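The values are calculated or read from the model by the stated rules, or taken from the named source; none is laboratory data. None of these values were measured; they are calculated from a predicted model. With ideal geometry, Cβ positions are generated from the backbone for all residues, glycine too; neighbour counts draw on all protein chains shown.
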Amino acid sequence: MRPDNPPPPVYPFQYREQPRSGNEINGLNDPARKRATPVFHSTGRGGGRQPLAWEALDNFFNLVASPACMWQVVRTLWQRRGYAGPVADTQVTVDDPAVMSEQVKAKALELGAGLAGVSVIDDDALYDGYPAPPYRYAISLGIPMDREEMLHVPQQRAAVEVMRTYRRAGRIAIELAAWIRSLGWPAQAYADGEDVLQIPMALKAGLGQLGKHGSMISKKFGSNFRLAAVMTDLPLALDAPVDIGVDDLCLNCQRCTKDCPPDAILDTKQLVRGVEKWYVDFDRCIPYFSMTEGCGICIEVCPWSEPGRGPRLSEKLLAKRSS
Ligand code: SF4
Ligand code: SF4
């Protein structure tokens, strides 16, 4: 698909004094391995609660959201009261963490997730100065979005579907966490708005790979999905990162770079906090993202997001390597 007449990058919101570059805060060109610093969205529950550098733009983003979007957001906020809860007194013994992992992932799919995988929580998932979740494992969940609705990016209809998916993701995480607690093990939902980095956990849990557009790409849904997680101490076997051939295609494809209205997508990998990876220019993307209720053009034009195409694409790309 091609986006349907996306608005030009001409902004109703302008900073009188430009804040510190989000790229600098994100650690672009910084060779040191370190935790990320929040720039834009955050609950502010981290130590010290300083205003975020780009908080005014985040406020603008919320202010211009349509009532249909806000209705989804309000419902998501309301359901957050169910993220944690009491643990059953009797604890189920886990003899084989691998078997338990399979059961947990099957339960996640039964509850409506499209993807599920397990990793340990480490520094890559945590913001600098923010408390670490008091759990050992993260169960990452990928929740597919309705592709028909998402083809309307960057219009309101797609934005509503994004918010609806976050609400669904929260509901699934809540139900999975409650199920684990019913086995006598602590568990908590970490869905929309919680202060953890979902993408690094999902990459380690094997849900997909990072694409040039800075979002995850999975074999099954391309980038047409959103993330949530459940943190727990239930003994689980870990999944491993996957290689489905994302880099092979991104190195030769420029679809998202060409279709991004503010030219935010960099064509080569960058050094970000000590790691070479695909990176999106924050200072260019976020003003457009905020003006368009979350944009999303890059994830929908990506060939991987075309329904049913991922498995064949992956097979072809991996076969090409060995030929
Ligand atoms: S549109 Fe092309 S370059 Fe961009 S993330 Fe998808 S495959 Fe990679
Ligand atoms: S979400 Fe950001 S990077 Fe993606 S197309 Fe929109 S402005 Fe560009």
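Table for the structure above
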{"read-out": "Hits in the stretch 54-74 - residues which are in contact with a helix residue (DSSP H, G or I) (Cβ under 9 Å, 6 or more places away or on another chain) and within 29 Å of residue 21 (Cβ to Cβ)", "value": "54, 57, 58, 60, 61, 62, 64, 65, 69, 73"}
{"read-out": "Sole exception among (1) surrounded by fewer than 24 Cβ atoms within 10 Å (Cβ to Cβ); (2) farther than 18 Å from residue 134 by Cα; (3) more than 15 Å from ligand 2 (Cβ to nearest atom) for residue 170, by number", "value": "(1)"}
{"read-out": "Odd one out for residue 132 among (1) crowded, with 19+ Cβ neighbours inside 10 Å; (2) more than 12 Å from the chain's Cα centre (by Cα)", "value": "(1)"}
{"read-out": "Any hit, the stretch 247-270, residues being away from ligand 1 (no atom under 14 Å from the Cβ) and closer than 26 Å to residue 173 by Cβ", "value": "no"}
{"read-out": "Lone qualifier among 56, 106, 113 - being aliphatic (A, V, I, L, M), at pLDDT 95 or above and assigned to a helix (DSSP H, G or I)", "value": "106"}
{"read-out": "Test set (1) surrounded by fewer than 23 Cβ atoms within 10 Å (Cβ to Cβ); (2) under 25 Å from residue 175 (Cβ atoms) - residue 218 fails condition number", "value": "(1)"}
{"read-out": "Sole residue being touching a residue at least 24 places away in the same chain (Cβ under 8 Å), within 16 Å of ligand 1 (Cβ to nearest atom) and surrounded by 13 or more Cβ atoms within 10 Å (Cβ to Cβ), chosen from 293, 300, 315", "value": "300"}
{"read-out": "Criterion violated by residue 131 - all others in (1) closer than 18 Å to residue 174 by Cβ; (2) in contact (Cβ under 8 Å) with a residue 60 or more places away in the chain satisfied", "value": "(1)"}
{"read-out": "Residues that are buried (at least 24 other Cβ atoms within 10 Å of the Cβ) and either among the aromatic types (Phe, Trp, Tyr) or within 16 Å of ligand 1 (Cβ to nearest atom) (or both), drawn from the stretch 224-245", "value": "224, 225"}
{"read-out": "Options 217, 265, 244, 286; residue that is within 16 Å of ligand 2 (Cβ to nearest atom), over 24 Å from residue 190 (Cβ atoms) and of a type in the set (A, V, I, L, M)", "value": "265"}
{"read-out": "Residues within the stretch 263-290 that are in contact (Cβ under 8 Å) with a residue 60 or more places away in the chain and either touching a Ser or Thr at 6+ places or on another chain (Cβ under 6 Å) or of a type in the set (Ser, Thr, Tyr) (or both), tallied", "value": "4"}
{"read-out": "Where a residue in the stretch 207-220 is under 20 Å from residue 261 (Cα atoms) and its partner, wherever it lies, is among the basic types (Lys, Arg) and away from ligand 1 (no atom under 11 Å from the Cβ), with Cβ under 6 Å and at least six apart", "value": "none"}
{"read-out": "The lone exception for residue 143 - which of (1) surrounded by fewer than 20 Cβ atoms within 10 Å (Cβ to Cβ); (2) under 29 Å from residue 27 (Cβ atoms) it fails", "value": "(1)"}
{"read-out": "Counted residues, the stretch 76-92 - those being loosely packed, with under 15 Cβ neighbours inside 10 Å, touching a Gly at 6+ places or on another chain (Cβ under 9 Å) and not acidic (Asp, Glu)", "value": "5"}
